[in-house]
Structures are given as C-alpha cells and as structure tokens.
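Data block below; observations after.
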Amino acid sequence: MTKEEFLVTPYTVEGNINYEKLIKKFGTEPIDNILLNRIKKHTGELHFMLKRKIFFCHRDLNWLLNKYENGEKFYIYTGRGPSGKMHLGHLLPFLFTKWLQDKFNCKTIIQITDDEKYLFNNKKLEEYTKQGLENIKDIIAVGLNPKLTEIMIDTYNSKTLYNNAIHFAKRLTISTIKSAFGFNDSYNIGQYFYTSFQAVPAILESVRQGKNIPCLIPLGVDQDPHFRLARDICPKLGYYKPAIIHSRFLPPLQGIEGKMSSSKEETAIFTTDDKETVRKKVMKYAFSGGRKTLEEHRKYGGNPEIDVSYQYLYQLLEPNDKKIKEIHEEYKSGNLLSGELKQIMVKKANEFLEKHQKARRKAEEKIEKFLIKD
Ligand code: TYM
C-alpha cells in the first residue's frame, strides 16, 4: 500500500485515510454549514463533534429533516460488535447517539452482534455473548434513557432478526457481498449472510408499527458498506432507506493511520483502564507532533494535526471550544511542549474515565431494563 492508498471496510481499515477522498469513494455527502444550521434549528446548540466535523458526512440527512419537519419522528439505530473490551473510539458514536436521543427525544435501538464476531473470529460463541454483556455496561454508561432505548443481542433476538433478515438475504447476491467487502471463496457462508442481520434494525420500527418510520444510523464510517447494500434493498421491501451520519476514526495511539484495535492493548485506551495504565500508554505510545529537539520545537512549533494527544482532545475529550483553540495555538507556536500536551491529555482522559467507570458500575443493575425479549 503506497502512502496515498487506504482501505476502509467493516473488516479492514488500513493506510492514511483521506476523508475527502473517502466521501467520493463511498458516494456520501459532506456535512456542510447549511446542514449544520438546519440541525441547530432543532437542537438549539450543536454537539462539538458536529461543529468540528468529527461526524463529517451523511446519507439523506436532509430527507430525514424534511420528514421531521413534516411531523414524522425518526428513531435511531446503532450497534457494537463485541470482539473484546471497548476502547474510547468505540464510545464515540454512542456518546453522539446519547446527544441525539436527548435532543430529538427519540427511540433508540442498539444491536450487539455476538454472532458476527463469532463468524469472523476464533473464540467460542458464548465468549462473544458474554463480552457483549460487558460492552452493554459501557453503552448504558453513556447515559442512554432506558425508557427510550432497546438493546438487542443477536443470539437472544434471533427470531425477530432472522425472520426479517431473510428478506434482505434473498436480494443480496454473493457477487455483491464479494465486491463490497473483498471476500473470496474461502469465507464461510455465515460471513456472507451477516449483512442481512445488521440491516434488520434499520427497518424494525417500521415492521413493528406497520407503517414507515424514518431511521437515523450514527456510525463510524467503516460500517457504511453494510448499509450501502441495505439501503438499496429497503425500498424493494417497501421501507424507507435509513439516513446515516458517519464519524471519522479516533486514531490508534501510535499514529493517525488506520483504526484502533481492541486486540492490541497498546494501540488503544480502554474504558476500563486505570489511571496509571492510561498515563503509561500515553507517555510511551502516543504519537507526537512535536519537533526533534526542544530548541526546534520552541522555534517552529508542533503539528497538532498529527499529534495523537491533541486529536484525542479535539475529537473526544475537550468539548470546550475556547480551551481546545488555546491548546492548538500554544502547541503550534511552540509554547506548549509535547510532554506537556500529553499530560493535559492524560488528565482529561482520566477525568473522563473516572466518570465513565462510575456510571459503568451502576449500569450493571440496569441491563435487564434495556434488553428486549424476542
Ligand atoms: P464495532 O464494534 O467495530 O464498532 C462500534 C462502533 O464504533 C465505531 N468505531 C469507531 N469510531 C471512531 N473511532 C474508532 N477508532 C472506531 N472504531 C470503531 C464503529 O464504526 C461502530 O459505529 N458490525 C458493527 C456492529 C453494528 C453496528 C450496527 C454499528 C451492528 N449494527 C449499526 C453501527 C451501526 C461492529 O462490529 O461495530
């Protein structure tokens, strides 16, 4: 892969992602200021992830807002594949989902795909289901409202999912799946079938209510290919295409290329990491945009665009616009050193995690309230 190349699918994220090119490649639309103002009209304020274009592109958001303005309320759908512990990147779409839920007061469906992780990885199915229950604590901990939120675990809700998935499966050919995901003949047939499972919650509310209900899916952009296929099929089944809002990736600690991995401990900060672990990981691994020597740094300044600590603050940990601007300026001018920037990031990450872990402990008793029965 050359410096210019990159690959984004739900199963492989590689290279230095150029998000503008990705918009063209995927055929999504950029989120512009006109659209942001339109959202703001309904929400009163904009989430910092919108203002900063962390959520950077979409499909059919204007259509969704047309419907909303005409009195058709939408629901939200998002999900998690429980391959392991959750890291800060996984939390990003859920934090934004919580904001959307509050602002639009909408019903939210969350899918936990233990079956997917079993089909694509090597552990026993039960281990993924168990991991799913652990991940649910993180998802609840972002503050989702139990009255508005339903969590489906694929193996617990297989009847509902299967009975709807077959309608997608019937219209998805092997060659379509191959070209969307890069699979070959050695992939198992469950992997080929899986997209039809992930598609179901995008129509589920409409199926249940017997009339079309618009759906909005916030996700990391790697998940888009599943819904590109699902969106083609929805109208054939008589349903609306879901609207989608896509976020960029919180980078791995080692640098801005690719996506963090839950299988490599040192590439990510996990939601359950303690303060000392966070400090050590950041100090040791977080890629720095600083200069080689102190003298050069003071003279030429650092590069916040490639500095991982800055990116974590910008994308997730420092919502205050004035403060993030100050950090940007100080770092660029060379007043703020890389080590100092790392310390700011460690402090913010640990404050965030302390709050999250407290809510996570409390979430344990609440799980039942969120799970739905088949
Ligand atoms: P999963 O578990 O890989 O990821 C869960 C969500 O987190 C996003 N994500 C990231 N976002 C920002 N920075 C990162 N470094 C990062 N890594 C992951 C993912 O894009 C995703 O939104 N098959 C799905 C589960 C699923 C789903 C859905 C996701 C089922 N239905 C509907 C989104 C919408 C999966 O394995 O996600």
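The values are calculated or read from the model by the stated rules, or taken from the named source; none is laboratory data. Not measured: the values here are computed from a predicted model. Virtual Cβ from ideal backbone geometry, glycine too; neighbours counted across all protein chains shown. The area values use the complete protein model at the heavy-atom level, side chains included, leaving out ligands, DNA and RNA. Shrake-Rupley method; radii C 1.70, N 1.55, O 1.52, S 1.80 Å.
Find the relative contact order for region 265-361 and round it to a whole percent, using C-alpha pairs within less than 8 Å whose residues are 6+ positions apart.
32
With the Cα gyration tensor of region 1-157 giving a ≥ b ≥ c as the square roots of its eigenvalues, does the rule (a/c under 1.5 for rounded; else a/b larger than b/c for prolate; else oblate) give rounded, prolate or oblate? Can you show the working numbers first?
Details: a/c = 2.13, a/b = 1.18, b/c = 1.81.
Because a/c hits 1.5 or more and a/b fails to exceed b/c, region 1-157 counts as oblate.
Place the peptides 142-153, 212-223, 54-65 in order of packing, highest mean first, counting for every residue the other Cβ atoms within 10 Å and averaging per peptide. All intermediate terms of the calculation are to be shown ahead of the outcome.
On the way: 142-153: 17.9, 212-223: 22.2, 54-65: 19.9.
Peptide ranking by packing, descending: 212-223, 54-65, 142-153.
How much FRET efficiency would the formula 1/(1 + (r/R0)^6) give for Lys124 and Ile256, where r is the Cβ-Cβ distance and R0 is 25 Å, rounded to 0.05?
Numbers: r = 35 Å, r/R0 = 1.40.
Taking R0 as 25 Å, the efficiency between Lys124 and Ile256 is 0.10.
Roughly what % of DSSP beta bridges within the chain run antiparallel, to the nearest 5?
On the way: 10 of 28 bridges.
Of the beta bridges lying entirely in the chain, close to 35 percent run antiparallel.
Excluding Leu125 itself, what net charge comes from residues whose Cβ is under 14 Å from its Cβ, given Lys and Arg +1 and Asp and Glu -1?
Summing Lys and Arg as +1 and Asp and Glu as -1 gives -2.
Using only the Cα atoms, what convex hull volume per residue in Å³ does the chain have?
Working: hull volume 53.2 nm³, N = 374.
Dividing the Cα hull volume of the chain by its residue count gives 142 Å³.
Can you give the angle from 0 to 90° between the axis of helix 33-43 and the longest principal axis of the chain, with both taken from C-alpha atoms, to the nearest 10?
On a 0 to 90 degree scale, this one is about 70.
Place +1 on the Cβ of every Lys and Arg and -1 on the Cβ of every Asp and Glu in region 265-361, take the dipole about the Cα centre, and give the residue among Leu336, Asn320, Thr271 whose Cα lies farthest towards its positive end.
Result: Thr271, furthest along the dipole toward the positive end.
How far is the Cα center of region 190-228 from the Cα center of region 18-43, in Å?
20
Computing the accessible area with a 1.4 Å probe over protein heavy atoms, can you report the carbon and sulfur percentage for the chain? Don't jump to the answer; show the numbers that get you there.
Numbers: 8650 of 17480 Å².
Of the solvent-accessible surface of the chain, carbon and sulfur hold 49 percent.
If you average the C-alpha positions of region 310-324 and of region 326-374 separately, how far apart do those two centres end up, in angstrom?
Each part's Cα centre sits 11 Å from the other's.
Given the Cα-Cα distance of Lys73 and Ile189 and 0.36 nm per residue of separation, how much length would full extension add, in nm? Write down the numbers at each step before the final one.
Working: separation 116, 0.36 × 116 = 41.76 nm, distance 3.69 nm.
Gain on extension, Lys73 to Ile189, equals 38.1 nm.
Using a cut-off of 14 Å between beta-carbons, work out the net charge of the residues near Phe74 (Lys and Arg +1, Asp and Glu -1, Phe74 not included).
Numbers: positive: Arg59, Lys67, Lys73, Lys103, Lys107, Lys211, Lys241; negative: Asp60, Glu69, Glu72, Glu205.
Summing Lys and Arg as +1 and Asp and Glu as -1 gives +3.
Go through Lys98/Lys358; Lys275/Lys322; Lys280/Lys325; Lys107/Lys355; Lys3/Lys325 and tell me which ones have a Cα-Cα distance over 20 Å in this structure.
Numbers: Lys98/Lys358 17 Å; Lys275/Lys322 26 Å; Lys280/Lys325 26 Å; Lys107/Lys355 25 Å; Lys3/Lys325 30 Å.
Lys275/Lys322; Lys280/Lys325; Lys107/Lys355; Lys3/Lys325, as the Cα separations exceed 20 Å there.
So for the chain, taking the charge dipole from beta-carbon charges (+1 Lys/Arg, -1 Asp/Glu), which of Val142, Gly71, Thr9 sits furthest toward the positive end?
Of the listed residues, the answer is Gly71.
I'd like to check one number: the per residue accessible area of region 164-316, probe 1.4 Å, reported in Å² as a whole number. Spell out each step's value before the answer.
Numbers: 6630 Å² over 153 residues.
Per residue, region 164-316 has 43 Å² of solvent-accessible surface.
Which of the three applies to region 80-234, rounded, prolate or oblate, going by the alpha-carbon gyration tensor with a ≥ b ≥ c and a/c under 1.5 meaning rounded?
On the way: a/c = 1.68, a/b = 1.22, b/c = 1.38.
Here region 80-234 falls in the oblate category.
Could you check how many percent of all C-alpha pairs in region 146-260 are farther apart than 26 Å?
Working: 1652 of 6555 pairs.
Value for region 146-260: 25 percent of Cα pairs lie more than 26 Å apart.
Based on the mean of other beta carbon atoms within 10 Å per residue, what is the order of 28-40, 192-204, most packed first? Present the calculation step by step, with values, prior to reporting the outcome.
Numbers: 28-40: 14.3, 192-204: 24.2.
Per-residue mean Cβ counts within 10 Å order the peptides as 192-204, 28-40.
Suppose every K and R has +1 on its Cβ and every D and E has -1 on its Cβ; what is the size of the dipole of region 265-361 about the Cα centre, in Debye to the nearest 20? Please report the intermediate quantities before stating the final value.
Details: 20 positive and 17 negative charges, 46 e Å.
Once rounded to the nearest 20, the dipole reads 220 debye.
Work out the length of the dipole vector of region 6-253 about its Cα centre, built from +1 on the beta-carbon of each Lys and Arg and -1 on the beta-carbon of each Asp and Glu, and round it to the nearest 20 debye. Can you show the working numbers first?
On the way: 34 positive and 23 negative charges, 104 e Å.
With only Lys, Arg, Asp and Glu charged at Cβ, the dipole is about 500 debye.
So what is the calculated 222 nm ellipticity per residue for the chain, using -39500 (n - 2.57) for each DSSP H run with n of 4 or more, over all residues, to the nearest 500 deg cm²/dmol?
On the way: 18 runs with 189 residues, N = 374.
Value at 222 nm, helices only, nearest 500: -15000 deg cm²/dmol.
Report, in debye and to the nearest 20, how large the dipole of region 48-102 comes out about its Cα centre when Lys and Arg carry +1 and Asp and Glu carry -1 on their Cβ.
On the way: 9 positive and 4 negative charges, 58 e Å.
With Lys and Arg at +1 and Asp and Glu at -1, about 280 debye.
Evaluate the distance, in nm, between pseudo-label points positioned 7 Å from the Cα of Leu237 and of Lys275 along their respective Cα→Cβ axes.
Output for this residue pair reads 4.9 nm.
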